[in-house]
1. Mean separation of Cα pairs under 8 Å and 6+ residues apart, divided by the residue count of the stretch 199-260: what relative contact order is that in percent?
2. Rounded to the nearest 500, what is the chain's calculated 222 nm mean residue ellipticity when only DSSP H runs of at least 4 contribute -39500 (n - 2.57) each, over all residues?
3. Given a cut-off of under 8 Å on Cα pairs at least six residues apart, what relative contact order in percent is computed for the stretch 197-319?
4. Among Val122, Val107, Val189, which one moves the most in a GNM of the chain with springs linking Cα atoms closer than 10 Å?
5. Could you point to the residue in Ala234, Ala290, Ile95 farthest towards the positive end of the chain's charge dipole, with +1 and -1 charges on the Cβ of Lys/Arg and Asp/Glu respectively?
6. For a label point 7 Å from the Cα of Gln304 along Cα→C-beta, name the residues of the stretch 208-248 whose backbone N is under 20 Å from it.
7. Restricting to Cα pairs below 8 Å that are 6+ residues apart, what does the relative contact order work out to for the chain? Please round to a whole percent.
8. Looking at the stretch 209-266, which trypsin sites (Lys or Arg not before Pro) are in a loop (DSSP not H, G, I, E or B) and have at most 10 other Cβ atoms within 10 Å?
Amino acid sequence: MTAPQKERIGKYEVLACIGVGGLGEVYCARPDDGRPAPMVAIKRLRDKWHKRPDLAQLFASEADIGRMLVHPNIVRNYETGFDEHGRLFLVMELITGRSLGELLQRVGDQQLVAYEISLHIVCTLLAGLQCAHDLTTAAGAPLNLVHRDVTPDNILITFDGVIKLSDFGVAHLEALDGSAANRGAFGKVPYMAPEHVLDRPIDRRADVYACGVILYELLTGTHPFIDNKSDDAALLERIVRGKKRRPRDILSSIPHELEAVIEHAMAPNPNKRFSTAREMEAALRPLYRADANWSPIIAGMMRQLFAEAYAQHRGAPPH
């Protein structure tokens with residue numbers, strides 16, 4: 001009896017499908033050429049988008065951007081290729097862990113992520129974003145990169161306690177498209193800055209705004225603009241007008257200085273926000289033990305909250 005043929009993507013053997021997104025499907029894979037290389041993640045354009053040149057270009061842009069971004073808090077992209085059917089794929093660093101979105105769901109409304117861990121997550125996120133925002137051409141010209149989709153689902157936390165920003169697929173890269181014009185309101189509305197919601201041109205301050213929303217959510221356990229009674233129109237109005245409860249109205253133990261940082265990051269007028277991710281990070285660092293080694297602490301939290309997934313990763317039954 002002949003063994004079933006293993007699925008391959010380029011020179012890689014597919015081990016499992018680990019996710020399906022709007023543009024692509026993601027697989028765990030390993031080189032099928034005898035090399036003692038680690039497993040990787042492969043993101044391939046979904047069949048239904050294969051013949052859409054605009055989406056194929058968007059997917060290719062993610063690969064181009066990813067190869068230029070080298071930072072410990074950004075998911076690495078290694079190479080690109082085409083499979084036997086001509087579908088574009090990109091080979092990425094395999095992250096063993098869960099997203100911040102999954103962490104927030106697992107913690108739930110009745111429990112908060114620890115104060116200092118929350119600040120560490122956002123500070124490392126800001127450090128990765130600053131690297132992306134500072135990206136230049138080989139000649140030193142700024143690329144004006146904006147992530148545009150900084151959300152909990154795109155922030156990955158490994159079982160070793162490392163924070164990784166992923167999915168630059170909707171990033172606006174002026175140098176690649178030759179225009180400073182906004183290319184449409186990509187992203188997830190609850191984390192969009194007011195100018196993004198209004199489909200106006202955006203810059204790096206939109207990413208800073210999203211970090212403010214995420215920090216608010218981590219510290220209070222609630223989203224600043226979402227409630228059970230709001231519809232889409234009400235949500236958009238709240239975002240544009242900045243209508244939300246102040247963090248200390250929800251949790252009085254939040255320091256005044258920290259509330260001021262959140263309010264500054266989430267100012268509806270981008271001219272009143274931090275101008276860079278580095279500025280926001282600098283404002284947060286004095287408010288916690290920023291130089292402590294947080295990775296083992298976060299690793300312990302992740303392994304406890306996601307014990308079954310961690311056991312599967314380790315190849316052992318959960319306790």
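1. Working: 30 pairs, mean separation 14.6, N = 62.
For the stretch 199-260, the relative contact order is 23 percent.
2. On the way: 12 runs with 118 residues, N = 319.
For the chain, the value works out to -11000 deg cm²/dmol.
3. Details: 95 pairs, mean separation 31.5, N = 123.
So the answer I get is 26 percent.
4. Val107
5. Checking the options against the dipole of the chain, the answer is Ala234.
6. Inside the label zone: 218-221.
7. Details: 536 pairs, mean separation 48.1, N = 319.
After rounding, I find 15 percent.
8. Values: sites: Lys229, Arg238, Arg241, Lys243, Lys244, Arg245, Arg248; in loops: Lys229, Lys243, Lys244, Arg245.
Answer in residue order: Lys229.
The values are calculated or read from the model by the stated rules, or taken from the named source; none is laboratory data. Every value quoted in this text rests on a predicted model; they were computed, and no experiment measured them. Backbone-built Cβ (ideal geometry, glycine too); neighbour counts: all protein chains shown. Accessible surface is based on the protein model in full, side chains and every heavy atom, while ligands, DNA and RNA are left aside. Shrake-Rupley method; radii C 1.70, N 1.55, O 1.52, S 1.80 Å.
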